[in-house]
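**Student:** Take this structure, written in structure tokens, and hold onto it; I'll ask about it next.
Every number here is computed from the coordinates shown, using simple stated rules; none is lab data. This structure is a prediction, so every number in the text was calculated from the model and none was measured. Cβ coordinates were reconstructed from backbone atoms using ideal geometry, including for glycine residues, and neighbour counts include every protein chain displayed.
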Amino acid sequence: MNANKTSLLWTTVAVLYALVLLFPVLWMATMMVKPADVMFARPTEFLFTPTLANFDYVIAEGFAWNLLTSFVLCTVSTVLVVLIGTPAAYAFARFEMKGKDDLFLFILASRMGPPVCLVIPFYLIFTKVGLLDTFAGLTLAYMTFNLSFYVWVLRSFCRDLPVELEEAAALEGWSRPQIFMRVVFPLLRNGIVATAVLCFIFAWNEFLFAFMLGGDRIQTLPVAIPKLITAQGVRWGEVAVVGIVALLPVLAVVLLLQRHIVRGLTLGAVKG
Amino acid sequence: MSVITETAVAPARERRRSGRGVWYPYLLIAPTMITLVLVSLVPFVYAIYLSFHKAKYGRVGDFIGFDNYAKLLADPQFWNSLKVAGLFVGIAVPIEFMIGLGGALILNAGVRGRSVLVPLLFIPTMMAPVVVGLLWKIMLAGSWGLISYNLLERFGWLGDQSIFASPDLALYALMFVDIWQWSPFMMLAFFAGLQALPLGPYRAAAVDGASTLRVFFKITLPMMIPLLAVIGLLRLIDAFKVFDTIFILTGGGPGVATQSPSVLAYKMTFEFWNIGEASALAVLVWAAFFVFCNVFYQIAKKKLNAF
């Protein structure tokens, strides 16, 4: 009886917290269909006739192209990360290597370094070799934080796999590539998907690299938002539309991946 | 630590026939290491190179030793940026930590419908910082922001000034946004840690009739300390490099009131093209991060047995 009451109390507290926390996001969602004249009316208007005008403007301004750019860029860079990083994560989890700790720390440092420190040398190097504002350049730059992140986190998934299966396969005389493809890979699939999806989101949300190393021909969604700041002021309804569209993949991810997000964001230190 | 030794994986026969077995793990990590050398080590080394050279407006000139560092250390903006970051990290992170820990304990105390709540709580953390910035502009900016208008302006607390344009308040507004974004993450990470604790000690405490507070301080806290340290440290590192939300919300202003080292490095590079000095700043920040990074790694590895 008493336990029920406390549980009810804490549930109420938690639900209230979630509501307060998400209120700004919900408010932004209503702004998508708000006419411009009541957007920041004083006093605040809570009731209004919904309009789709904001969507029309966003489409007319070519945001579909930015959406496509973001999507392709994030997909390509994530697929590359998976192809390059999966064997490395496995090797770090399973084998003894000389200087493994140092190599591993180097990977962590790549992930942890402030992006602004990287963007300076990147900018100068890219200008010299003609990678500035190219698809290849941005894909490469995203490797810095995503490849290191991927290897680091996937390694923790690898370590969860029982060694015995691989040992048994080795005794059967399977070659090591065979063991990796037929034993390890199927077991690791969930971990790979979870980690890769987080990489996709990091790339999706990324601003500084996309802003400084891309920006003109290669213009991702976060970088395109400032287009809505016009001489007549900020088009807030349109900002809301783009902001919520940018949020959609994130929503999908939190719903599908919840158990793995904590592990990912703590770089594998905490198992969700 | 589960490690397959060479003998376990490679059949002895194969190993004797060719020396290839020993190279297998190096082969597996080679693509990753080559890529990371290219996208992480090369830029870093280049930044070090730039920091020792006269470099302005994209032209790299003569070797000038430590001049850039000397100039940087004599620059009040540099010390100001450290102060800004220090305040930001020193106030926002402990608050996030407390809210996180409190929330985690509440979540763990039998909150219903956690399968719905938990994903919702992840939303702020996973949002693009640019969108977070715009969101809070809508809420707090000017005298027209939803919250600034309804809660502050109407009661004459703020006058006509935007919180983000106030030299006294801008930094605290940014902290508030950071707390909004990251407290839920701390909460869920701590919660995951609480869920993984062994039940044995709690049963024993229940038999002894220990009070809730006593259980927390004698059982929960000691077992959670490595986890708290690792997550706190991670958040500290991330909070120190905050850039996007500051860039969107205040651009480092008003004046230099919210100019963190990241924003300063950005401005030095892309507004004043003072590349040599900006590189010196980048190298110093990087070096400091490496130390933090190492501490994170050692604690997580030894205490949490995580890596």
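**Student:** Give me A:ILE107, B:ILE225 ranked fewest to most by other Cβ atoms within 10 Å of their Cβ, as a rough exposure proxy.
**Tutor:** B:ILE225, A:ILE107
**Student:** Return the aspartates and glutamates within reach of B:LYS218: Cα separation strictly under 17 angstrom, same-chain partners fewer than 8 residues apart disregarded; answer none if there are no such residues.
**Tutor:** The reachable aspartates and glutamates, counting only those whose Cα sits under 17 Å from B:LYS218, are B:ASP208.
**Student:** Same structure, new question: With the cut-off at 13 Å, report for the stretch B:38-97 the share of all Cα pairs above it, as a whole percent.
**Tutor:** 72
**Student:** Quantify how much of the Cα-Cα distance distribution of the stretch A:63-265 extends past 29 Å, in percent.
**Tutor:** Working: 6924 of 20503 pairs.
Beyond 29 Å sits 34 percent of the P(r) for the stretch A:63-265.
**Student:** In percent, what relative contact order does chain A have, based on Cα pairs under 8 Å that are 6 or more apart in sequence?
**Tutor:** Working: 250 pairs, mean separation 75.0, N = 272.
That works out to 28 percent.
**Student:** Less than 14 Å Cβ to Cβ from B:ALA257, Lys/Arg counted +1 and Asp/Glu -1: what total charge do the surrounding residues give?
**Tutor:** Surrounding charge for B:ALA257 is +1.
**Student:** Which value does Rg/Rh take for the stretch B:49-189 over its C-alpha atoms, Rh per Kirkwood?
**Tutor:** Here Rg/Rh amounts to 1.14.
**Student:** Roughly how far apart, in whole Å, are the Cα centres of the stretch B:109-128 and the stretch A:25-60?
**Tutor:** Taking the Cα centre of the stretch A:25-60 as reference, the centre of the stretch B:109-128 is 27 Å away.
**Student:** Now a separate question. So which lysines can A:LYS227 reach, going by Cα to Cα under 25 Å and dropping same-chain residues fewer than 8 places off?
**Tutor:** A:LYS34, B:LYS137, B:LYS267
**Student:** In whole Å, what are the Cα extents of the stretch B:74-302 along the three principal axes, biggest one first?
**Tutor:** Largest to smallest, the principal-axis extents are 66, 47, 26 Å.
**Student:** Go through B:189-200, B:118-129 and give me the packing order, highest mean Cβ count within 10 Å leading.
**Tutor:** On the way: B:189-200: 17.8, B:118-129: 22.2.
The packing order, highest mean first, is B:118-129, B:189-200.
**Student:** Projecting each Cα onto the charge dipole of the stretch A:63-265 (Lys/Arg +1, Asp/Glu -1 at the beta carbon, about the Cα centre), which of A:VAL184, A:PHE209, A:PHE92 comes out farthest on the positive side?
**Tutor:** Looking along the dipole axis, the top candidate is A:PHE209.
**Student:** Please rank B:ILE231, B:ILE95, fewest neighbouring Cβ atoms within 10 Å first, as an exposure proxy. Can you show the working numbers first?
**Tutor:** Working: B:ILE231 28, B:ILE95 16.
Neighbour counts put them in this order, fewest first: B:ILE95, B:ILE231.
**Student:** Order of B:PHE292, B:PHE97 from fewest to most other C-beta atoms within 10 Å?
**Tutor:** Going from least to most buried by this count: B:PHE292, B:PHE97.
**Student:** Do the sum for chain A: with -39,500 (n - 2.57) for every DSSP H run of n ≥ 4, divided by all residues, what is the mean residue ellipticity at 222 nm, to the nearest 500 deg cm²/dmol?
**Tutor:** The helix-only estimate for chain A comes to -24500 deg cm²/dmol at 222 nm.
**Student:** How many angstrom separate the Cα center of the stretch A:100-115 from the Cα center of the stretch A:222-266?
**Tutor:** Centre-to-centre (Cα) distance: 28 Å.
**Student:** Over all directions, what mean area does the Cα convex hull of the protein assembly as shown project, stated in square nanometres?
**Tutor:** 30.7
**Student:** Can you list residues whose amide H is under 5 Å from B:THR258's amide H, if they're 5+ apart or on another chain and H is modeled 1.01 Å from N?
**Tutor:** B:GLY253
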